[in-house]
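The values are calculated or read from the model by the stated rules, or taken from the named source; none is laboratory data. Note that this is a predicted model, so its numbers are computed, not measured. Neighbour counts run over all protein chains shown; Cβ positions are idealised from the backbone, glycine included.
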Amino acid sequence: MSAGRAWSTPGDIEARVRRHWNSGALLRDSAMGADFTPIEVVLHGPSASEIEERVEDARRWKDALIRGAGAGAGRRYDLSTTARGGRHVVPVRAIVASWDQAWSILEAREDVARFRELINLSPEIPRQWAIANPLRALAVANEWAQILAAYEWIGSHRGRGLYLREITAPGVDTKLIERHVTVLAAFLGVKASRIEFELGFAVKPSFVRMRFDPRPLGMPNGLTEGSFRTNELGQLAVQVREALIVENEITYLSVRVPAAGVVLWGKGYDANTPASLAWLHGIPVRYWGDIDTHGFAILNRVRGSLPHVTSILMDEDTLWAHEERWGNEDTPSTAALPQLTPADARLYESLVTDRFGRSVRLEQERIDWEWACRQLQASGD
């Protein structure tokens, strides 16, 4: 090898062609019947003086390029040569001149045949998607027939309120739909995350977990907790006097249920689900979460549904009373939280700016239980 630049190899030629393949251009253009645009690769080899000094190295380099080119129907590329030093003929350029040569150097004939079969089997919209995304289509080629069957079934059953689990297309189940939801959503012109909703299929319901005083809810005595579909619970004529939404499960299970009231599990950032219950708008609602930036971000989200909600045990007095129990957030939030009250906003800003120390947090479960009960009682519980 020269001290300056490495001499080109058959692998370098393949790498150049591989870049065209990886862009999808070769597969797309071939499927569309386009003429092949030759791919030329400038070869870097020995200079005239290096040939004289390293005769055997130069000969092996040239032989490797000639062997790499192949012969006959399996030829991978053509070589253009020039005389160097007056008497040494060396390759200076490799030209991949046809589709056959490109498929030979890439060993891609089976993939090309599979892709052509795939687009020939496809109706117009999946066909156009496959041509625009040839490598993605090729990656799912083994299940392409099932994807098309799912596409046709979903298209013919949209708007009927069915669950996708009810699909009856041959060879298709919900696991296949989950695997290929991005492809199917592209065919159908919707967002993958909203494919059921946007196409009028039944969506998996959300649930609210709630502890309650059974009397105002008309529940049998002895029944004190349940998990309810959010939409169904929200439509009930619930007669309760107050509600407490709690961020963490163990605290939710531990706190006393107010007389003629309810305790709702917020479940972290899912707290906007219980907050969406329509009957909460007419009663006092308190929210109790961690004293950290994410706790206030959740409170902000709850206030988006319930502007009148008040926070409890999320204040500076509670924070300082438990200084020895502080921890640190791994990934604090710095988001703007426009729904916070001035007092909540001041404490949130202090946490964001590390006024108490780096990424300080006080988790709900670390608050002394007797302290918490006194504060809850004093605030109306």
Subset of region 129-172 (residues that are of a type in the set (D, E, K, R) and either touching a strand residue (DSSP E or B) at 6+ places or on another chain (Cβ under 9 Å) or exposed (fewer than 14 other Cβ atoms within 10 Å of the Cβ) (or both)): 160, 165, 166
So which of 240, 203 is part of a loop (DSSP other than H, G, I, E, B) and either of a type outside the set (A, V, I, L, M) or under 30 Å from residue 143 (Cα atoms) (or both)? 203
Within region 191-200, how many residues turn out to be more than 16 Å from the chain's Cα centre (by Cα) and either in a helix (DSSP H, G or I) or surrounded by fewer than 18 Cβ atoms within 10 Å (Cβ to Cβ) (or both)? 4
Please enumerate the residues belonging to region 76-90 that are touching a helix residue (DSSP H, G or I) at 6+ places or on another chain (Cβ under 8 Å) and either part of a helix (DSSP H, G or I) or at pLDDT 90 or above (or both). 76, 77, 78, 79, 90
Would you please name the residue that is surrounded by the fewest Cβ atoms within 10 Å (Cβ to Cβ), looking only at residues in region 224-239 that are modelled with pLDDT of 90 or more and either of a type in the set (A, V, I, L, M) or closer than 15 Å to residue 257 by Cα (or both)? 224
Residue check, residue 5 in contact (Cβ under 8 Å) with a residue 24 or more places away in the chain, exposed (fewer than 12 other Cβ atoms within 10 Å of the Cβ), not in a helix (DSSP H, G or I) and not β-branched (Val, Ile, Thr): yes
Positions within region 243-252 being aliphatic (A, V, I, L, M) and not in a strand (DSSP E or B), in sequence order: 250
